[in-house]
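The values are calculated or read from the model by the stated rules, or taken from the named source; none is laboratory data. This is a predicted model, so every value here is computed, not measured. All Cβ positions, glycine included, derive from the backbone under ideal geometry; neighbour counts span all protein chains shown. Quick note on the areas: whole protein, heavy atoms, side chains included, nothing else; ligands and nucleic acids left out. Shrake-Rupley method; radii C 1.70, N 1.55, O 1.52, S 1.80 Å.
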Amino acid sequence: MSDFEGGIDPTKGFVDYLPRKQAEARGLAKVQGNQVRLAADSTTVYSNKDKGRASIRLEAKDTFDSGLLIADIAHMPGSACGSWPAFWTFNFEEDPYGEIDIIEGSMFQDGNEVTLWTGNQCRFTNIGSKKERNNCKTGGDEAKGCGSMGPSNSYGTPFNDVGGGVYAMYLEAQRVRVWFFPNATVPADIRADKPNPNGWASGALISDFQTKNGGCDIARNIHTQSVIINIDFCGSEVSGSWWEESEDCSRVAPTCNEYVAKNPAAFVEAYWLINSVKLFQ
C-alpha cells in the first residue's frame, strides 16, 4: 500500500506536495491504461514567495528488510533547471538512519546517481561504475553519500530518449546492488516476472556495496525500507552554489526558486510514467 504525502519538504525545496485528492483533481496523479502518471504542475506561474510548485511525493506504507525491487519506468522527469526527481527507499524509524537513492538527479546531470546514506560511519570500496564515492555517513562537511554514477542514458531526458528502462535494486544482509537496463536490453527473465540477477550482464550493474569491501554491516544499517517516488525542485541539492555553478541555469534567473516559480513550461516533461514497481522476496 502507498499514499501521497503533503506538507513541508524536508529538503526545503520550492515545492508543494499535494494530498492525493488534490493531486488527482489537478491531473497530477492518474492512471493511463496500464501505467501510472505522477507529475508536477507545468501550467501555473507562481511567486517565488509562494510555498512552491505543486508536485507529488508518494510513499509506500509497507516496508522490507531484503528483496529484489524492480521498477519498469517508461518516462522520468526530463532534465531541466531546478528539477530534482528521485526514486528511493528510506527507514522512517531512523534506527539508525538508512537510505538508498536508486534514481536521483538534478537539472542536467550526466547520468543517474546511486547513493547510499547511513547514520553510522560506513565506507565502501570497489563500488564500481564511475565517479565512485566512499563515505556514506550523513552530516559533516564531507557528506556526499557513497555510490557511483550510471551511464548518460540512465537519467533525465537521455533516459526518455531511449524509451525508458528498468532499474533493479537487490537488498541482502551484507550487500546492496543496483542495475540499470535501457528498454531495449531488459532481460527476458525480468519481462517474465522471474528475475534472476545471477544471469544479468555485469555491465548493467551501476553500484555494488558489499560489507566485505569496507566493513560496514549492511543488515544493521539498511533495513525497514519504504519506497518513495517524488519530484522536488531546488532545495538543498540544487539551490545555492549548485545553481550558481550552472551557467545554463544561473544566466536565466538569479535563483532556483525564481526560475521554477516563473517558468511553468520548463516542466512539461516533469512527470513519471511507471509501468510497474515490484518487490520479489
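Mind putting a number on the dipole of the chain about its Cα centre? Charges go on the C-beta only, +1 for Lys and Arg and -1 for Asp and Glu, and I need it in Debye to the nearest 20.
Dipole of the chain, to the nearest 20 debye: 400 debye.
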Q: Report the GluC sites (Glu not before Pro) located in segment 20-117 that are in a DSSP loop and have at most 13 other Cβ atoms inside 10 Å of their Cβ, or state none.
A: 93, 94
Q. What percent does the relative contact order of segment 116-172 come to when contacts are Cα pairs within less than 8 Å and at least six residues apart?
A. 26 percent
Q.
Relative contact order of the chain, please, whole-number percent, based on alpha carbon pairs below 8 angstrom and at least 6 residues apart.
A. 30 percent
Q) In sequence order, what are the phi-derived ³J(HN,Hα) couplings for segment 25-36 according to the Karplus relation 6.51 cos²θ - 1.76 cosθ + 1.60 with θ = phi - 60°, rounded to whole Hz, with x for glycine and proline? A) 5, 8, x, 7, 9, 6, 9, 10, x, 9, 10, 10
Q.
Give the lysines whose C-alpha is closer than 25 Å to that of residue 137, dropping any in the same chain fewer than 8 places away, or say none.
A. 12, 212
Q: Just name one of 47, 14, 28: the one whose Cα is farthest towards the positive end of the charge dipole of segment 8-48 (beta-carbon charges, Lys/Arg +1, Asp/Glu -1).
A: 28
Q: Tabulate in residue order the Karplus-calculated ³J(HN,Hα) for segment 78-91, using 6.51 cos²θ - 1.76 cosθ + 1.60 with θ = phi - 60°, rounded to whole Hz; enter x for Gly and Pro.
A: x, 5, 7, 4, x, 6, 8, x, 7, 10, 8, 10, 8, 9
Q: Could you grab the relative contact order for segment 163-281? Cα pairs under 8 Å, six or more apart, rounded to a whole percent.
A: 18 percent
**Q.** For the chain: accessible area per residue (Å², 1.4 Å)
**A.** 44 Å²
Q: List every residue whose amide H lies under 5 Å from the amide H of residue 75, counting only residues 5 or more places away in sequence or on a different chain, with H placed 1.01 Å from N in the peptide plane.
A: 273
Q) Carbon and sulfur atoms: what percent of the 1.4 Å accessible area of the chain do they account for? A) 48 percent
Q | 13 Å Cα-Cα reach of residue 21 towards aspartates and glutamates, excluding residues that sit fewer than 8 places from it in its own chain | A | 3, 5
